[in-house]
Amino acid sequence: MLDLIGKVALVTGASRGIGAAVAQQLAERGADLVINYRSKAHRAEEIAANILATGRRAILAQADITNEVEVGEMMQNISNNFKKLDLLVLNASGGMEKDKSSDYAMSLNLTAQERLADLATPLMKDGGRIVFVTSHLAHFYGQKPVTAIYETVAASKFAGEKSLRDRIPQLTDKGISLVVVSGDLIEGTITPKLMERANRGFINERREQAGSLPTVADFAKAIADACVDSRLSSGETVFVGNTEW
């Protein structure tokens, strides 16, 4: 069912993994896509080609989302090409990189997310939606234990989610809703792999504890569904995978 015909979606971190899968699913539902990526141009080009093959429009938007100038140029690019934005999927995140400064996680998972939302909303009209993608470890930060290697990421993503939630009254005034999609460890993605390197057996232990872990396809479908589900009220959280540990 094509339920996004005429809609424009920006997916951050869309050149690979979950972001790429979300972009593809939104295109299959009829949306035109803005594919944000930081450095993997060839991967982004492949995703764009796949989307164009579905009959939808796709533009590439290279921008390091922690760079204010590059994000501003990306939004201008969207305005020039589409004149509007209907969906903003805040997928890109990180903070476990070894070559970054101590404040990088907050810069990426809090400040950059705030900036993206603030710069996108002028392009969004009544009925627009922002979807913030997070993890259970971050969403429940302060309530449930977090493995040490992920502590900084969890704290910063929790702060980013809270800051976006604080914007709900202003977003509501503009007819824009915010939905959060939170996932357990996602099979085959980079973050669990990094956690596994620091704690051998971590993934299998969580898999046995949870019963099973979501796949990239599972998580991407939940995110795409959250973009279109009118039954979701602003501020609601969609959980993918087991939330108990």
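Just a few scattered comments:
- Pick from segment 105-142, criterion small (G, A, S) and assigned to a helix (DSSP H, G or I), ranking: nearest to M74 (Cα to Cα): A120
- D229 fulfils the conditions (1) surrounded by 17 or more Cβ atoms within 10 Å (Cβ to Cβ); (2) within 12 Å of V131 (Cβ to Cβ) except for a single criterion, (1).
- For segment 159-173, taking the residues that are among the acidic types (D, E) and surrounded by fewer than 16 Cβ atoms within 10 Å (Cβ to Cβ), the one that is farthest from L90 (Cα to Cα) is identified as D173.
- Selected residue [among the acidic types (D, E), at pLDDT 95 or above, under 15 Å from the mean Cα position of the chain (by Cα) and surrounded by fewer than 19 Cβ atoms within 10 Å (Cβ to Cβ)] from E114, E151, E68: E114
- Considering residues of segment 16-30 that are hydrophobic (A, V, I, L, M, F, W, C) and under 21 Å from V71 (Cβ atoms) only, the residue surrounded by the fewest Cβ atoms within 10 Å (Cβ to Cβ): I18
- The residue pairs whose first member lies in segment 194-206 and is of a type in the set (F, W, Y), whose second member is assigned to a loop (DSSP other than H, G, I, E, B), and whose beta carbons are closer than 9 Å, counting only pairs six or more residues apart or on different chains, are F202/T147; F202/L185.
- Test: residue in segment 202-211 that is closer than 22 Å to V238 by Cβ and aromatic (F, W, Y): no
- Count of residues meeting criterion [in a loop (DSSP other than H, G, I, E, B) and of a type outside the set (V, I, T)] in segment 204-229: 5
- Test: residue in segment 25-35 that is touching a Phe, Trp or Tyr at 6+ places or on another chain (Cβ under 9 Å), among the β-branched types (V, I, T), more than 30 Å from L194 (Cα to Cα) and modelled with pLDDT of 95 or more: no
- Within segment 143-154, the presence of at least one residue that is in contact (Cβ under 8 Å) with a residue 12 or more places away in the chain and part of a loop (DSSP other than H, G, I, E, B) is confirmed.
- Odd one out for G175, checked against (1) in a helix (DSSP H, G or I); (2) touching a Gly at 6+ places or on another chain (Cβ under 7 Å): (1)
- Residue within segment 182-190 that is in a helix (DSSP H, G or I), in contact (Cβ under 8 Å) with a residue 60 or more places away in the chain and within 18 Å of G19 (Cα to Cα) present: yes
- Candidates R29, R38, filtered to the one that is more than 24 Å from A112 (Cα to Cα) and in contact with an Asp or Glu (Cβ under 6 Å, 6 or more places away or on another chain): R29
- Of the strands (runs of 3 or more DSSP E) contained entirely in segment 1-101, those carrying at least 1 residues that are small (G, A, S) and farther than 29 Å from I149 by Cβ fall at 8-11, 58-62.
The values are calculated or read from the model by the stated rules, or taken from the named source; none is laboratory data. All figures in this text were calculated on a predicted structure; none of them were measured in a lab. All Cβ positions, even for glycine, are placed from backbone atoms using ideal geometry, and neighbour counts span all protein chains on display.
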